[in-house]
1. Give me the percent of DSSP beta bridges within segment 202-295 that run antiparallel, rounded to the nearest 5.
2. Rounded to the nearest 5, what % of the DSSP beta bridges within segment 170-368 are antiparallel ones?
3. Report the charge-dipole magnitude of segment 242-294 in Debye, nearest 20, computed about the Cα centre from +1 at each Lys and Arg Cβ and -1 at each Asp and Glu Cβ.
4. Assuming 0.890 mPa s and 25 °C, estimate D for segment 236-282 with Stokes-Einstein, Rh taken as the Kirkwood radius over Cα pairs, in µm²/s.
Amino acid sequence: MNQSQLITLAFAISFSLANVVVSARLFPNISSFLPEPAHGHAQAYAQAHAWDAFLNFAGCHRGDSYHGLKNLKSYFQRFGYIPHAPPSNFSDEFDDALESAIKAYQKNFNLNVSGVLDAATLQQIVLPRCGNADIINGTTTMKKENETASFTKPRFHTVAHYTLFPGMPRWPEGTEELTYAFFPGNDLSESVRAVFAAAFARWAEVTRLTFRETASYFGADIRIGFFSGDHGDGEPFDGSLGTLAHAFSPTNGRFHLDAAEDWVVSGDVTRSALATAVDLESVAVHEIGHLLGLGHSSVEEAVMFPTISSRKKKVVLAKDDVEGIQFLYGSNPNYNGSTATSAPERDASNGGICVTCVGPSRSVFTLLTFAFAHFALL
Ligand code: TQI
Ligand code: ZN
Ligand code: ZN
């Protein structure tokens with residue numbers, strides 16, 4: 001097949017797709033081991049308090065019995081620390097199985113391995129966490145600190161809101177300004193740079209952080225580049241859709257975008273004729289969240305929610321995103337508690353009808369296209 005046939009085929013495939021949903025990862029709800037689910041508000045309240053109840057186990061050790069300890073055993077079983085073999089109706093006894101579960105847990109979370117429910121261990125247990133087991137078939141899935149991969153998919157720590165990366169990496173205390181630079185080989189236009197500037201501004205609005213573009217790619221805190229296929233970090237891009245972009249947790253600073261996407265720089269992405277159109281600012285806002293230390297959120301409105309559709313725009317930080325980033329960096333003293341006013345999202349529900357014109361408006365798009373095939377080592 002020659003190149004023009006390939007291009008034709010690619011177009012045929014892309015037009016046959018409906019809005020494509022990109023899903024990074026989904027999270028099971030872990031509330032299942034909490035006692036007596038009530039409803040609505042009361043449920044959230046009861047759950048919060050059930051977790052607090054775990055904190056009352058401080059100092060518990062082997063041989064004794066403590067009311068509610070069986071809930072903690074279910075928690076450990078859920079995450080692989082107690083085998084699923086029967087008996088599965090647990091007692092409130094602090095038994096050997098529980099002690100070894102605690103030890104394994106402490107080891108995984110780099111805590112003092114005492115087998116005792118000390119405060120640090122309980123604090124770790126009540127933190128929101130990922131729904132995946134830590135231990136599968138007796139083998140821990142958790143990397144130890146000295147084996148950190150260059151690109152580590154986070155094991156999300158989540159319940160019903162934002163998450164952080166394991167170990168809560170962030171830019172150092174006292175960081176006021178982060179610089180960013182674009183990979184020189186991409187030679188991006190002013191309008192593309194402006195999209196990134198707008199995305200950074202959304203995070204700056206709610207924190208004390210500021211962002212400044214600098215010319216020095218390797219001197220910058222955050223390095224942004226469009227690459228295709230294998231580009232040297234072991235996480236090759238996959239062509240149109242699938243993975244759109246990836247960013248590393250603090251303080252790595254690498255932010256890579258798949259050059260093969262149909263990036264929409266300006267214009268109403270929701271009206272794009274291209275089924276594969278992806279809104280650049282939406283992805284940039286999401287990836288900057290990762291660069292700053294946020295994992296995914298289970299709140300659907302959040303920009304850190306791990307799903308986006310092609311031809312969709314989602315750029316306004318939700319309350320959950322704001323809470324997450326302010327947990328890490330504190331609040332911007334000028335932030336008035338609302339992001340909605342600063343950057344209204346285009347409402348797709350009116351079909352994009354332009355009220356000042358006669359008849360439906362014709363959207364003008366700017367698509368970002370690259371003439372290169374491959375870059376490596378960035
Ligand atoms: N890229 C994934 C993402 O950014 C890559 C990834 C998975 C990742 N887990 C991660 C990056 C943890 C950093 C940390 O989520 S993606 C979305 C979303 C992608 C996905 O191309 O699949 C967005 C890029 F969340 F909508 F699915 C942008 Cl907005
Ligand atoms: Zn990369
Ligand atoms: Zn993500």
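1. Looking only at bridges with both residues in segment 202-295, the antiparallel portion is about 25 percent.
2. Of all bridge pairs located within segment 170-368, approximately 30 percent are antiparallel.
3. 140
4. The diffusion coefficient I find is 210 µm²/s.
Readers should treat all values here as calculations from the given coordinates under stated rules, not as data from a laboratory. Since this is a predicted model, take the numbers as computed values, not measurements. For neighbour counting, all protein chains shown are included, and Cβ atoms are generated from backbone atoms with ideal geometry for every residue, glycine included.
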